[in-house]
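Engineer: One structure is given below, represented as structure tokens, and several questions about it will come after.
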Amino acid sequence: MMDFDTDRLEDLFAAARATPPALPDRLQARILADAEQHMPMARMAWHRTLWQVLGGAAGLSGLVTATAVGVWLGVAPPATLPDLAGQVVSGDLGLSAQIDTETEALAGVYGWDMEES
Amino acid sequence: MQDLLDDQRDADADLLQRYAAGDAAAARLLTTRLAPRLHGHALRVLGDRVEAEDVAQEAMLRLWRQAPHWRPGEAKVTTWLYRVVANLCTDRLRQRNAGAVPGGLDAVAEPADPAPGAAQKIQQAARADALQQALASLPDRQRQAVVLRHIDGLANPEIADILGIGIEAVESLTARGKRALAAQLSAQRDALGFEDDGF
């Protein structure tokens, strides 16, 4: 039997070159996702940088939860906690009474009054 | 021709610099230009779709990581990538069971631009499968050299650089590879529709 000649082999190579396998869409998507993930951070768009600094979706969800809990405690504090928001709104923080008490206590400790010196 | 290749080298390096500067469009262009060639090469050498996709993705991933450190003018992007792909393919081939024969009938993708009639299309597919089967029968290094030279169309010096061997070794590998392919395919000459050509 005659060997496959060079021209026929070249024809097969040429056909292979002319009909390269198409790049699967899923592979292209994976490659582009890698490219986005590994793009140098300092030069990324500001919103992408902020997103990564906050820790992505997980970090942002934690931040939102903590904020919501803080607002909730401020608006409707449990009965065992002082109503700080209500005191701020009413202006009755009780600070002057607290300062007077502390001044008297200090005078007792040091044995002299600041106004005497 | 050399000018065209130089232009392409510069274009790839420029795109890589743009990617390193945060240009997402450059990543898409690089993927469009380079990934099909890497994927096609890995598919020819490994004969396995899943492995070929993994290798192409890994090679491009290494390119993304290398981008900030890339020094223009030192290397050609395609040569660097082919070298990565060749090494990844070699690693996977070494890990394979020695008795397993890659390159099944589904190893080669369907032609990208099928315009001919049904009979001609079937014959083209049969020829493509026969070529892939014959390639799979070659020793690993021969197969890599033949694919780089005759399907990817690279020059011998570049293949030598990719495979880390001398140019004479490349010539020897491709010559022996072609002889082995011809011997393999001659047995299927009639079945592949070459009997009417007077040979």
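Engineer: Got a number for residues in the stretch B:2-21 being at pLDDT 70 or above, open to solvent by 70 Å² or more (accessible area, probe 1.4 Å) and either within 14 Å of another protein chain (Cβ to nearest Cβ) or closer than 14 Å to B:Leu34 by Cβ (or both)?
Structural biologist: Of the residues in the stretch B:2-21, 3 are at pLDDT 70 or above, open to solvent by 70 Å² or more (accessible area, probe 1.4 Å) and either within 14 Å of another protein chain (Cβ to nearest Cβ) or closer than 14 Å to B:Leu34 by Cβ (or both).
Engineer: Whether any residue in the stretch A:65-80 is modelled with pLDDT under 80 and within 14 Å of chain B (Cβ to nearest Cβ) is what I want to check. Break it down stepwise before answering.
Structural biologist: Within the stretch A:65-80, the subset modelled with pLDDT under 80 is A:73-80.
Filter once more, keeping what is within 14 Å of chain B (Cβ to nearest Cβ): none.
Within the stretch A:65-80, none of the residues are modelled with pLDDT under 80 and within 14 Å of chain B (Cβ to nearest Cβ).
Engineer: B:Pro114: modelled with pLDDT under 95, touching a Ser or Thr at 6+ places or on another chain (Cβ under 9 Å) and more than 14 Å from B:Ala42 (Cα to Cα), yes or no? Don't jump to the end; show me each part of the working.
Structural biologist: Numbers: modelled with pLDDT under 95: yes; touching a Ser or Thr at 6+ places or on another chain (Cβ under 9 Å): yes; more than 14 Å from B:Ala42 (Cα to Cα): yes.
Against the criterion (modelled with pLDDT under 95, touching a Ser or Thr at 6+ places or on another chain (Cβ under 9 Å) and more than 14 Å from B:Ala42 (Cα to Cα)), B:Pro114 qualifies.
Engineer: Please go through (1) modelled with pLDDT of 95 or more; (2) within 11 Å of chain A (Cβ to nearest Cβ); (3) part of a helix (DSSP H, G or I) for B:Gly153 and return the number of the only condition it doesn't satisfy.
Structural biologist: Here B:Gly153 meets the rest and fails (3).
Engineer: Is the stretch B:135-142 home to any residue that is of a type in the set (D, E, K, R) and either closer than 22 Å to B:Pro36 by Cα or under 16 Å from the mean Cα position of the chain (by Cα) (or both)?
Structural biologist: yes
Engineer: Now, a different point. Based on what the data block shows, is B:Ala109 crowded, with 18+ Cβ neighbours inside 10 Å, in a loop (DSSP other than H, G, I, E, B) and modelled with pLDDT under 95?
Structural biologist: yes
Engineer: I would also like to ask the following. Are there helices (runs of 4 or more DSSP H) fully within the stretch B:1-93 with at least 3 residues that are touching a residue at least 60 places away in the same chain (Cβ under 8 Å) and not small (Gly, Ala, Ser)? List them. Before you say what the answer is, go through the steps one by one.
Structural biologist: Details: elements: B:2-20, B:24-46, B:49-66.
Fully inside the stretch B:1-93 and qualifying: B:2-20, B:24-46.
The values are calculated or read from the model by the stated rules, or taken from the named source; none is laboratory data. Keep in mind that what you see is a predicted model, and the values were worked out from it rather than measured. Ideal geometry is used to build each Cβ from the backbone, glycine not excepted, and the neighbour counts take in all protein chains shown. We work out accessible area using only protein heavy atoms, side chains counted, and drop any ligands, DNA or RNA first. Shrake-Rupley method; radii C 1.70, N 1.55, O 1.52, S 1.80 Å.
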